[in-house]
Amino acid sequence: MSDYDVLIMGAGPAGSTLARLTASKGFSVGLVERKRIIGLPLQCAGLVSHRIREVNVLPDEVILNSVRGAVLHSPSGITLGVSKAEPEAHVIDRTAYDQHLAELAIEAGAELMNGTAVRDFNEKTGHVRVNGDELVADVLVDSRGHSVAPRRYPARQYLVRFRGTEMDTDFVDLKVDSRLSPGFLWRIPVDEETARVGVFGPQQNLKEFLKGFLSDLGSDFEVIESHHGFIPRPDLDVRLVRGRCILLGDAAGQVKPTTGGGIVLASRAAWVAAEAIQGALEGVTDLKEYQEACRKLYMSEMKNQMRVQRTFRLLSDDDLDHIFRKMKDYGAEEIISEYGDMDRQTPLIMEFLKRGLLFRIIPSILTSKVAGIWK
């Protein structure tokens with residue numbers, strides 16, 4: 001006898017969204033979360049694409065700022081400016097957003113068990129050991145986030161108040177550094193004086209990178225908060241269905257290879273998961289349909305973004321500076337502004353390839369290696 005039709009482990013955006021969707025279909029849903037207060041501690045930059053509203057709810061109350069462009073910085077300080085006419089992304093109160101999604105799941109009929117840690121679970125039988133107790137479900141969902149991702153990058157972020165300078169709240173700042181590739185540094189404005197300044201990449205001394213970046217951004221500032229966490233590395237070969245358990249969100253490596261962002265992608269995957277779970281519980285289809293549906297949903301886009309990631313790994317700081325200069329010369333700012341999209345980056349990539357721009361901006365010594373990536 002099962003306690004639930006579906007037991008979801010992890011009440012982040014992915015888990016709570018799936019809990020709402022499956023409970024709305026009339027299934028009994030348990031939602032287990034190890035944190036006593038959902039969303040704390042903060043472990044996200046809190047910048048989400050405007051496309052989130054295509055696949056999930058986003059109440060105006062959690063939006064702190066909206067941005068329509070970015071200033072891209074090379075290692076030596078060469079800048080490129082790209083922008084849209086309308087907001088491209090929203091700076092959100094991520095803690096409030098996580099809590100809102102969990103509340104919607106409860107309203108739909110899911111049972112939330114916060115402060116409840118998963119000690120062990122059996123993918124074949126659906127048994128889950130939590131806080132000395134045992135629960136059983138017909139379908140399990142592992143959406144416990146980066147903590148169970150097999151490969152990940154360290155990340156660190158400060159909330160910073162800048163004095164004596166007023167930021168343009170329409171633009172984020174992004175800086176590349178060959179030592180951080182495929183990661184980077186960012187400044188995300190919350191208001192005219194306050195910003196989230198962060199970094200991720202394959203380095204342990206991230207504080208030193210942030211120290212240098214902050215010095216570039218201003219001389220008078222105060223660090224108000226400090227947060228650290230991890231960003232999962234995407235894995236195109238991960239097995240998403242294991243017995244009666246499926247993987248979702250960061251736990252499944254469902255993050256963008258170029259930026260590490262995952263809320264929009266995980267929300268899309270939650271809809272796919274809800275359909276697969278319904279089919280399996282009603283005996284119409286097999287749970288394994290989820291794996292194939294996810295491949296159709298994002299595999300092509302993920303592969304192209306991973307090619308971008310592999311290209312960046314070839315580049316030294318001098319190479320990056322060279323590329324920034326060439327991009328200015330060839331009008332890349334206008335091209336990126338027109339074709340760029342936080343979630344769907346393939347159209348921009350294809351435009352660069354169609355115009356032959358990719359092989360005009362990279363150093364000639366790297367042509368054969370880059371051609372091997374994009375063949």
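The values are calculated or read from the model by the stated rules, or taken from the named source; none is laboratory data. Here the structure is a predicted model, which is why all the values come from computation and not from measurement. Here the Cβ positions follow ideal geometry from the backbone for every residue, glycine too, while neighbour counts run over all protein chains shown.
Listed by first and then second residue, the pairs linking a residue in region 132-156 that is among the hydroxyl-bearing types (Ser, Thr, Tyr) to a residue that is modelled with pLDDT under 95 and part of a strand (DSSP E or B), with Cβ atoms under 6 Å apart and 6 or more places separating them unless they lie on different chains, are Tyr153/Ile231. Just one residue in the set Asp250, Asp235, Asp168, Asp173 is within 18 Å of the chain's Cα centre (by Cα) and in a loop (DSSP other than H, G, I, E, B); that residue is Asp235. The single condition among (1) buried (at least 19 other Cβ atoms within 10 Å of the Cβ); (2) under 30 Å from Gly372 (Cα atoms) that Leu287 does not satisfy is (2). Which pairs do you get when a residue that is under 17 Å from Ser76 (Cβ atoms), found in region 208-227, comes within reach of a residue that is surrounded by 12 or more Cβ atoms within 10 Å (Cβ to Cβ) and β-branched (Val, Ile, Thr), reach meaning Cβ atoms under 9 angstrom, with the pair 6+ apart or on two chains? From residues that are under 17 Å from Ser76 (Cβ atoms), the pairs are Phe209/Val199; Phe213/Val197; Phe213/Val199; Leu217/Val160; Leu217/Thr165; Leu217/Val197.
Restricting region 324-375 to residues that are aromatic (Phe, Trp, Tyr) and touching a Ser or Thr at 6+ places or on another chain (Cβ under 9 Å), the residue that is nearest to Val308 (Cα to Cα) is Trp374. Scanning region 354-370 for residues that are within 22 Å of Asp329 (Cα to Cα), among the small types (Gly, Ala, Ser) and part of a helix (DSSP H, G or I) turns up just one, Ser364. Number of residues in region 354-366 that are without any contact (Cβ under 8 Å) to a residue 40 or more places away in the chain and surrounded by 13 or more Cβ atoms within 10 Å (Cβ to Cβ): the value is 6. Taken over region 311-349, the criterion of being part of a helix (DSSP H, G or I) and among the basic types (Lys, Arg) is satisfied by Arg313, Arg325, Lys326, Lys328. Counting the residues of region 76-88 that are part of a strand (DSSP E or B), in contact with a Lys or Arg (Cβ under 8 Å, 6 or more places away or on another chain) and of a type outside the set (Ser, Thr, Tyr) gives 1.
Take Ala11 and decide whether it is closer than 20 Å to Gly109 by Cβ, in contact with a Leu (Cβ under 9 Å, 6 or more places away or on another chain), assigned to a helix (DSSP H, G or I) and in the same structural domain as Arg144 (by TED's automatic domain parsing). So Ala11 does not fit the description; no.
Just to be sure, is Val199 within 14 Å of the chain's Cα centre (by Cα), surrounded by 22 or more Cβ atoms within 10 Å (Cβ to Cβ), of a type outside the set (S, T, N, Q) and outside any loop (DSSP other than H, G, I, E, B)? In short, yes. Restrict the check to region 304-318 and report whether at least one residue is of a type in the set (Asp, Glu) and either at pLDDT below 95 or crowded, with 17+ Cβ neighbours inside 10 Å (or both). No, region 304-318 has no match at all. Filtered by the rule that a residue be surrounded by 18 or more Cβ atoms within 10 Å (Cβ to Cβ) and in contact with a Phe, Trp or Tyr (Cβ under 9 Å, 6 or more places away or on another chain), region 21-54 gives Leu21, Phe27, Val29, Gly30, Gly39, Gln43, Ala45, Gly46, Leu47, Val48.
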